[in-house]
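Asks: Handing you a structure now.
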Amino acid sequence: MKKLVDNKGFWIGSIVLLIIMGILVCFMNKEFKETYLFSDGVSLEELENIGSGLLFQIKNRDIKCDTVKLEVYKDGTYKYYDTNLNGSLEEVNEVDYRYADPMVGTYQYDITKIFNSIKRPSDKTYVINTGKNEEYYTDINNKFLKEFLDSINVNLDLCIKVEIPEEYYKIENIVDTSKEIEDFLCLDSLEEIYKDRSYTYYLDCFNKSEYVIVSYKNGEKENIKQAFKRGYIKVSDLDKFNIKYIKEKN
């Protein structure tokens, strides 16, 4: 009889233990799903742009400058863009970038590990755009991203280098098109267009800069204020093309 009681106690204890273990497993699965964005896993096909084979591109969004960009493809290649040919693009959208030819390489790594370890929420250090044009974020604690970047010797925490081809932005002409407008309304206030250590340079109308157009030999055009901002023209160019300006000592 005692043995029967002992067996009964054993089975009850085993059942209770199994119930507890089941509850723990359910809890852990729920916690996993709530912690990881792709808790059910992700495939390369879910990331890939069918036309180009691009899986994703990634940039650092925390650095206060224009940053390098990495593109990763399904065929085992990547492109690393670290040079911008457009000068300073402080107020220019990325679609207007003229990237220099990228560094191209190959990789051997399971890319899905990077996505399957993306947590929610993330501190959004890196922005990832997939080939399907979906946007995700991950952070410096994504160990698989770090492993992948180390394996191809790529650093995403860098500002992009700026290069301006000598001939590309050679000035063709600078024209004040406001003179061609018969009823041009000149707002009676000076408009600052450039400043150096000694002087500040102005146009005589507050609204004139958008009408003073710089033309380059490559066919591109932009207003004088943007040209100064990007470093493509000098004050002496205004003199050369007879653009009137006012300068005041700082």
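The values are calculated or read from the model by the stated rules, or taken from the named source; none is laboratory data. What you see is a predicted model, and the numbers here were worked out from it, not measured in a lab. Because the Cβ atoms are built from the backbone with ideal geometry, glycine has one as well, and the counts that use them run over all protein chains shown.
Asks: Can you work out which of the residues in segment 207-250 that are touching a helix residue (DSSP H, G or I) at 6+ places or on another chain (Cβ under 6 Å) and part of a loop (DSSP other than H, G, I, E, B) is farthest from I181 (Cα to Cα)?
Replies: Among them, the one singled out is I233.
Asks: Follow-up question, since we're still on this one. What's the number of the condition L187 fails, among (1) assigned to a strand (DSSP E or B); (2) among the aliphatic types (A, V, I, L, M); (3) loosely packed, with under 12 Cβ neighbours inside 10 Å?
Replies: (1)
Asks: Of all residues being surrounded by 18 or more Cβ atoms within 10 Å (Cβ to Cβ), among the hydrophobic types (A, V, I, L, M, F, W, C) and touching a residue at least 60 places away in the same chain (Cβ under 8 Å) in segment 47-84, which is farthest from T138 (Cα to Cα)? Just the residue, please.
Replies: L54
Asks: Please indicate, with yes or no, whether at least one residue in segment 131-148 is surrounded by 12 or more Cβ atoms within 10 Å (Cβ to Cβ), assigned to a helix (DSSP H, G or I) and either touching a Cys at 6+ places or on another chain (Cβ under 7 Å) or among the acidic types (D, E) (or both).
Replies: There is at least one residue in segment 131-148 that is surrounded by 12 or more Cβ atoms within 10 Å (Cβ to Cβ), assigned to a helix (DSSP H, G or I) and either touching a Cys at 6+ places or on another chain (Cβ under 7 Å) or among the acidic types (D, E) (or both).
Condition check ((1) assigned by TED's automatic domain parsing to the domain that holds K229; (2) at pLDDT below 90; (3) charged (D, E, K, R)) across all residues:
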{"residue": "Y78", "(1), (2), (3)": "no, no, no"}
{"residue": "D96", "(1), (2), (3)": "no, yes, yes"}
{"residue": "Y99", "(1), (2), (3)": "no, yes, no"}
{"residue": "I111", "(1), (2), (3)": "no, no, no"}
{"residue": "I114", "(1), (2), (3)": "no, no, no"}
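Asks: For the subset of segment 197-206 comprising residues that are part of a loop (DSSP other than H, G, I, E, B) and touching a residue at least 40 places away in the same chain (Cβ under 8 Å), which member is surrounded by the fewest Cβ atoms within 10 Å (Cβ to Cβ)?
Replies: Here the answer is R197.
Asks: While we're looking at this one, here's another question. Taking only segment 153-184 into account, find how many residues are touching a helix residue (DSSP H, G or I) at 6+ places or on another chain (Cβ under 9 Å) and part of a loop (DSSP other than H, G, I, E, B).
Replies: 6
Asks: Which ones in segment 47-68 are in contact with a Lys or Arg (Cβ under 7 Å, 6 or more places away or on another chain), assigned to a strand (DSSP E or B) and within 17 Å of I111 (Cα to Cα)?
Replies: If the condition is that a residue be in contact with a Lys or Arg (Cβ under 7 Å, 6 or more places away or on another chain), assigned to a strand (DSSP E or B) and within 17 Å of I111 (Cα to Cα), then L55, Q57, K59 are the ones that fit.
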